[in-house]
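Below: one structure, written as structure tokens.
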Number of protein chains: 2
Amino acid sequence: MSKRVIIVGAGLVGSLLAIYLRRRGYEVNIYERRGDMRQQSLVAGRSINLALSDRGIRALEEVGAMDHIRPIAIPMHGRQIHQPDGKEVYQPYGKTGQYINSVSRGELNKTLMTLAEQSGARIHFQYRCLQVDWSANQFVFEKSDGSEVRVAGDLVFAADGAFSAARLQYQLQHDRFQYQQSYIDFGYKELTIPAGANGQFQMEPNALHIWPRKNYMLIALPNPDGSFTCTLFFPFEGDPSFSSLQSDEQILNFFHAQFSDATALMPDILSQYRNNPTASLVTVKCYPWVLEDRFALIGDAAHAIVPFFGQGMNCGFEDCFVLNTLMEKHGSDWKALLQEYQSLRKPDGDAIAELALNNFLEMRDRVANPRFLLQKKIEAKIHSQYPDQWVPAYAQVTFSPHIRYSEALVNSLKQEAIMQQLMARPDIESVWESPEVEAWVIDKLHKR
Amino acid sequence: MSKRVIIVGAGLVGSLLAIYLRRRGYEVNIYERRGDMRQQSLVAGRSINLALSDRGIRALEEVGAMDHIRPIAIPMHGRQIHQPDGKEVYQPYGKTGQYINSVSRGELNKTLMTLAEQSGARIHFQYRCLQVDWSANQFVFEKSDGSEVRVAGDLVFAADGAFSAARLQYQLQHDRFQYQQSYIDFGYKELTIPAGANGQFQMEPNALHIWPRKNYMLIALPNPDGSFTCTLFFPFEGDPSFSSLQSDEQILNFFHAQFSDATALMPDILSQYRNNPTASLVTVKCYPWVLEDRFALIGDAAHAIVPFFGQGMNCGFEDCFVLNTLMEKHGSDWKALLQEYQSLRKPDGDAIAELALNNFLEMRDRVANPRFLLQKKIEAKIHSQYPDQWVPAYAQVTFSPHIRYSEALVNSLKQEAIMQQLMARPDIESVWESPEVEAWVIDKLHKR
């Protein structure tokens with residue numbers, strides 16, 4: 001129990017992990033590359049708003065952190081779809097009472113850091129991971145004054161994100177490390193719809209707004225101050241794209257033509273578009289995640305994914321939750337524990353990576369299709385009739401933490417094949433509510 | 001024309017590239033991490049013998065280097081397959097007069113270094129690439145005394161191999177670099193069959209020897225001194241594997257049972273097995289390969305592949321050959337040149353990576369199957385009748401440098417599908433030499 005634990009990175013996952021480990025009595029030191037964000041004003045424009053859902057909530061509740069988060073979370077019960085003609089369509093995410101939560105990454109991170117410190121973890125800011133001596137598990141950090149510090153840990157977690165410095169040191173010094181970083185051809189840019197004159201929301205606050213435009217989309221998530229954080233997901237090349245929009249006129253014309261209602265709420269759209277950075281979207285896969293009883297990757301450092309299923313943070317929090325159940329099971333046998341952690345979580349990380357990539361097409365294109373919305377309605381109906389047998393894929397991932405991501409992926413492929421067959425029926429629009437259709441679907445499900 | 005060119009790495013590709021660039025009048029400095037191998041004795045056991053074939057030969061001939069290589073190359077006209085029962089089967093690689101060449105990586109590299117220097121390139125040994133300042137194209141190297149040297153190049157080629165340090169600096173400092181390193185579950189270990197008492201070969205010298213054993217294999221290539229360099233390709237885990245063979249008895253029993261004839265020629269097999277390192281097998285894919293008019297990856301740094309098609313070096317040499325044709329075409333417009341280099345070579349690098357992975361199964365398993373050998377005979381027959389219409393995949397890759405790897409891959413998939421259909425005929429063993437069969441195959445080929 002006297003293990004000295006080092007966590008590299010005081011982000012969302014590193015901070016939550018610290019709380020879990022302190023509850024088990026471990027000495028925990030976190031080394032964070034950045035300064036203390038609680039003492040700084042945040043740089044805007046580089047953080048997609050987060051959608052906290054059941055997997056993340058379960059992990060936060062387990063350590064009593066959710067009570068501190070709920071006040072800063074805004075429920076979103078469904079998708080508010082903004083069509084090109086200005087019409088809006090609402091699509092609920094799940095059954096009544098099921099929702100995801102808009103939270104600010106910054107606020108959430110600050111809260112978790114404070115809780116980690118209150119639990120007895122120490123956070124060392126402005127420590128940049130430079131080098132690792134793997135034989136001694138010694139990590140070398142560079143401090144802000146340029147000096148170097150060596151720290152030895154019995155057990156080290158790399159929670160330092162998609163471009164993990166600790167993982168790079170592992171990759172460079174170990175043979176047979178499988179590694180892949182793949183970018184999609186789309187980037188994103190954050191924009192803000194400010195609060196109204198009296199601090200009121202200028203659109204429906206309890207929804208995730210989407211402007212699906214086939215090859216690109218705008219989304220908006222509500223903030224407690226009445227504003228919305230919007231994100232434009234847009235190709236880097238082609239027409240239209242970040243490359244093709246060059247002149248002020250091109251930019252303004254594009255926004256007015258494609259997102260007229262949102263643009264009307266952003267009088268400063270041009271300066272926002274010009275000044276906010278364009279960021280890229282990466283998926284990182286690697287293996288192994290662990291080294292003996294003394295090193296493990298966690299969160300984005302192990303499995304960075306694209307944001308289209310809103311699961312990046314939730315998956316990282318679930319890593320902590322699973323580790324906790326394994327600490328219960330294996331006690332201090334960290335070798336067995338980390339092995340099981342890896343063999344449980346690697347397939348789930350791969351699965352949510354794939355689900356997240358697939359969901360981009362759904363969000364930017366399919367949700368604009370009435371046939372797709374009908375399919376979702378049919379699935380919701382079948383779910384209400386057969387709640388244990390047919391759970392829509394989105395709900396499995398988002399509201400069913402007892403279903404593993406890897407199971408949800410398999411189930412979703414199976415269900416989608418059945419639905420494709422059903423939707424091909426010429427009379428589907430007239431018969432979809434019939435018990436005969438439902439029985440056919442459930443029968444198919446069991447036959448496969 | 002006064003461009004200062006830097007090449008990182010004086011390996012096979014870096015040295016040949018230097019010769020090409022000198023012929024165009026560029027100032028060329030090569031920075032090599034290792035010492036000068038011409039002044040050192042080579043460390044044995046880490047270099048698969050190379051199979052030089054037509055793509056590589058074409059690239060060497062273009063600069064007159066082949067005359068210096070031919071004396072150290074041993075022709076191999078086919079595969080000599082050693083069955084578990086001790087019987088041997090010979091399978092020619094192509095038509096009479098078509099062969100691949102066994103060459104020692106070390107001797108070839110030394111020859112090319114000397115030719116590069118004779119052409120006016122300067123090789124700086126023991127310069128390790130540490131850092132790159134991309135804004136100034138300044139490369140920082142560490143010398144053997146620990147001092148650092150900054151060198152600026154107008155044009156820099158990273159020819160520093162599968163684990164390219166220059167590529168890593170590119171990856172770390174540029175957004176959206178696609179990168180993948182994937183290891184197969186097999187490793188390799190080099191072994192040596194010495195020359196006979198009077199320096200004679202103890203097996204057929206003009207063949208590539210294979211002991212195919214389904215999930216693993218031993219191969220042997222001849223050396224000019226009468227010895228053979230053998231390579232055991234073997235799983236890391238499982239039974240049998242590098243992990244499962246632990247005791248002296250286990251090792252000896254395995255070799256005697258599986259490779260009795262080869263083992264009889266290696267009286268020191270146990271110490272060789274124990275002392276020679278086990279190495280891993282990686283495929284590296286990345287993108288982009290070039291930066292503006294001033295940086296390009298080449299050879300393994302751009303496309304490291306597994307060795308089972310004998311094309312790693314040949315592909316790297318072909319990179320040089322293609323660059324040369326592009327220098328002819330684009331003159332000093334290196335921006336257009338590098339763009340075309342990348343768009344031509346990236347799909348070919350991906351294709352040979354796939355072909356090489358596929359050929360492992362062919363070498364370790366399929367060549368042991370009489371049905372597969374029959375299929376090869378049928379293809380050879382059709383090729384002799386229709387030399388321009390049906391070229392077996394192996395010959396396209398190995399003996400047909402005018403066919404791009406990416407075309408060869410497509411063709412090979414198409415041809416294999418036709419052959420599978422043909423081989424499914426119950427009477428194939430009796431009818432395969434009939435004109436009717438040949439006509440059917442050619443007809444299929446044109447229909448697809």
Self-check item: Test set (1) of a type outside the set (Ser, Thr, Tyr); (2) assigned to a loop (DSSP other than H, G, I, E, B); (3) without any contact (Cβ under 8 Å) to a residue 60 or more places away in the chain; (4) within 30 Å of A:ARG33 (Cβ to Cβ) - A:LEU232 fails condition number
Solution: (2)
Exercise. Please go through region B:127-161 and pick out each residue that is touching a residue at least 60 places away in the same chain (Cβ under 8 Å), over 22 Å from B:ASP300 (Cα atoms) and β-branched (Val, Ile, Thr).
Key: B:VAL151
Quiz item: Which one of these does A:ASN198 not meet: (1) over 22 Å from A:ALA279 (Cα atoms); (2) open to solvent by 30 Å² or more (accessible area, probe 1.4 Å); (3) within 14 Å of another protein chain (Cβ to nearest Cβ)?
Solution: (3)
Quiz item: If you check every pair at least six apart or on different chains, which have Cβ atoms under 7 Å apart with a residue in region B:425-446 that is in the same structural domain as B:TYR386 (by TED's automatic domain parsing) first and a residue that is surrounded by 13 or more Cβ atoms within 10 Å (Cβ to Cβ) and of a type in the set (D, E, K, R) second?
Solution: B:GLU433/B:LYS381
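Conditions (1) of a type in the set (D, E, K, R); (2) more than 14 Å from chain A (Cβ to nearest Cβ), marked per residue:
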residue	(1), (2)
B:CYS230	no, yes
B:PHE236	no, no
B:ASP239	yes, yes
B:SER247	no, yes
B:HIS256	no, yes
B:PHE259	no, yes
B:THR263	no, yes
B:ASP268	yes, yes
B:GLN272	no, yes
Quiz prompt | Candidates B:GLN126, B:GLN118, filtered to the one that is open to solvent by 50 Å² or more (accessible area, probe 1.4 Å), out of contact with any Cys (no Cβ under 6 Å at 6 or more places or on another chain) and either among the hydrophobic types (A, V, I, L, M, F, W, C) or on the phi > 0 side of the Ramachandran plot (or both) | solution = B:GLN126
Practice problem: Among the residues of region A:58-103, count how many are farther than 19 Å from A:GLY226 by Cβ, in a helix (DSSP H, G or I) and under 19 Å from the mean Cα position of the chain (by Cα). | Solution: 6
Practice problem: Can you work out which of the residues in region B:390-417 that are aliphatic (A, V, I, L, M) and buried (at least 21 other Cβ atoms within 10 Å of the Cβ) is nearest to B:TRP432 (Cα to Cα)? | Solution: B:VAL391
Exercise. Report yes if some residue within region A:206-216 is surrounded by fewer than 21 Cβ atoms within 10 Å (Cβ to Cβ) and either without any contact (Cβ under 8 Å) to a residue 40 or more places away in the chain or in the same structural domain as A:GLU27 (by TED's automatic domain parsing) (or both); otherwise report no.
Key: no
Quiz item: Which one of B:THR111, B:THR96 is of a type in the set (S, T, N, Q) and open to solvent by 40 Å² or more (accessible area, probe 1.4 Å)?
Solution: B:THR96
Quiz item: Do we have any residue at all in region A:289-306 that's touching a residue at least 40 places away in the same chain (Cβ under 8 Å) and either polar (S, T, N, Q) or within 30 Å of A:GLY196 (Cα to Cα) (or both)?
Solution: no
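Yes or no, residue by residue, for (1) in contact with a Pro (Cβ under 7 Å, 6 or more places away or on another chain); (2) open to solvent by less than 40 Å² (accessible area, probe 1.4 Å); (3) of a type in the set (D, E, K, R):
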residue	(1), (2), (3)
B:GLY11	no, yes, no
B:GLY14	no, yes, no
B:ASP36	no, yes, yes
B:GLN40	no, no, no
B:ALA51	no, yes, no
B:VAL63	no, yes, no
B:PRO71	no, no, no
B:GLY78	yes, yes, no
Exercise. Please enumerate the residues belonging to region A:217-234 that are touching an Asp or Glu at 6+ places or on another chain (Cβ under 8 Å) and open to solvent by 10 Å² or more (accessible area, probe 1.4 Å).
Key: A:THR229
Self-check item: Yes/no for A:GLY187 being open to solvent by less than 10 Å² (accessible area, probe 1.4 Å), touching a residue at least 40 places away in the same chain (Cβ under 8 Å) and in the same structural domain as A:ILE269 (by TED's automatic domain parsing)
Solution: yes
Quiz item: Only one of B:VAL140, B:VAL149, B:VAL156 is closer than 30 Å to B:GLU62 by Cβ and either surrounded by fewer than 14 Cβ atoms within 10 Å (Cβ to Cβ) or at pLDDT 95 or above (or both); which?
Solution: B:VAL156
Quiz item: Taking region B:274-292, which residues are surrounded by 17 or more Cβ atoms within 10 Å (Cβ to Cβ) and within 14 Å of chain A (Cβ to nearest Cβ)?
Solution: B:LEU281, B:VAL282, B:THR283, B:VAL284, B:LYS285, B:CYS286, B:TYR287, B:PRO288
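B:LEU218 - would you say it is in contact with a Lys or Arg (Cβ under 6 Å, 6 or more places away or on another chain) and away from every other protein chain (no Cβ under 14 Å)?
So B:LEU218 fails the test.
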Practice problem: Would you check if A:TYR170 is under 30 Å from B:SER182 (Cβ atoms), outside the structural domain of A:LEU338 (by TED's automatic domain parsing) and modelled with pLDDT of 95 or more? | Solution: no
Quiz item: Looking at (1) under 19 Å from A:HIS174 (Cα atoms); (2) in contact (Cβ under 8 Å) with a residue 24 or more places away in the chain; (3) surrounded by fewer than 16 Cβ atoms within 10 Å (Cβ to Cβ), which is the one condition that is false for B:HIS174?
Solution: (1)
Self-check item: Residues that are among the basic types (Lys, Arg) and within 14 Å of chain A (Cβ to nearest Cβ), drawn from region B:127-175
Solution: B:ARG128, B:ARG167
Quiz item: Which numbered condition trips up A:SER182, out of (1) more than 14 Å from chain B (Cβ to nearest Cβ); (2) in a strand (DSSP E or B); (3) touching a residue at least 12 places away in the same chain (Cβ under 8 Å)?
Solution: (1)
Quiz item: Among the residues of region B:366-389, is there at least one that is touching a strand residue (DSSP E or B) at 6+ places or on another chain (Cβ under 9 Å), open to solvent by 10 Å² or more (accessible area, probe 1.4 Å), within 28 Å of B:ALA296 (Cβ to Cβ) and in a helix (DSSP H, G or I)?
Solution: no
Quiz item: Can you pull out the strands (runs of 3 or more DSSP E) entirely within region B:113-152 that have at least 3 residues that are more than 17 Å from B:MET37 (Cβ to Cβ)?
Solution: B:127-133, B:138-143, B:148-152
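The values are calculated or read from the model by the stated rules, or taken from the named source; none is laboratory data. Every value quoted in this text rests on a predicted model; they were computed, and no experiment measured them. Note that each Cβ is placed from the backbone with ideal geometry, even for glycine, and that neighbours are counted across all protein chains shown. Side chains included, ligands, DNA and RNA excluded: accessible areas come from the protein's heavy atoms. Shrake-Rupley method; radii C 1.70, N 1.55, O 1.52, S 1.80 Å.
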